[in-house]
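Written below as structure tokens is the structure these notes are about.
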Amino acid sequence: KTTGINLLQGVKGYGTEKEERAALYNDIEATLEYKFAGGIQKITSKEKPVVAYALGHGEAFGYNINDAFLTLRKEYNADTINLKTMPYIPDEINALVILKPTKAFSDEDKIKIEQYVLNGGKIFWMIDNMYAEFDSLINNPKGFTAFDRALNLEDLLFRFGVRLNQ
């Protein structure tokens with residue numbers, strides 16, 4: 001098997017000072033190591049990991065995340081899963097992505113998530129706990145109030161060692 005590795009992607013040009021050249025060489029060395037390791041992993045892996053995008057709690061879907069979803073599909077088997085309709089999160093899912101939910105999670109949904117994690121599942125949380133959208137600030141320049149989305153995740157995340165600050 002073969003794969004291409006772009007060796008110059010993300011490399012920045014520096015000036016001619018000795019310290020800047022040393023920083024450049026360190027950056028290049030770390031980048032090359034990372035890119036070669038990534039190439040080796042692509043070639044040697046038997047199958048792509050499964051990443052599921054969670055739906056059911058007001059998460060954005062469609063044009064809002066199309067580019068991110070297409071990028072995920074290049075490296076992973078990406079699909080969606082509706083937490084409200086599925087009885088459990090399957091073990092075949094290697095990672096679950098929860099992106100900016102806007103509706104509260106039920107106790108049943110939290111149990112599904114907790115059981116998934118306790119069975120070795122991984123979750124990539126992207127939570128915006130406060131409703132403070134930029135367009136609301138533009139529409140009302142004199143005053144702006146942010147309020148809690150009331151996602152009902154505090155107890156679940158606390159058991160995982162996470163606390164959301166408002």
Approximate spin-label separation residue 6-residue 61, in nm, with each point projected 7 Å along Cα-to-Cβ: 3.0
Nearest-0.05 FRET efficiency for residue 100 and residue 47, computed from C-beta distance (R0 25 Å): 0.30
Modelled label reach - residue 85, point 7 Å along Cα→Cβ, the stretch 102-128 residues with backbone N closer than 19 Å: 102-106, 108-110, 112-113
Cα-Cα over 28 Å, subset of 48/103; 35/110; 46/122: 48/103; 35/110
100, 110, reordered so the largest accessible area comes first (probe 1.4 Å): 100, 110
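The values are calculated or read from the model by the stated rules, or taken from the named source; none is laboratory data. Quick caveat: nothing in here was measured; it's all calculated off a predicted structure. Neighbour counts are summed over all protein chains in view; Cβ atoms, including those assigned to glycine, are modelled from backbone coordinates with ideal geometry. The area values use the complete protein model at the heavy-atom level, side chains included, leaving out ligands, DNA and RNA. Shrake-Rupley method; radii C 1.70, N 1.55, O 1.52, S 1.80 Å.
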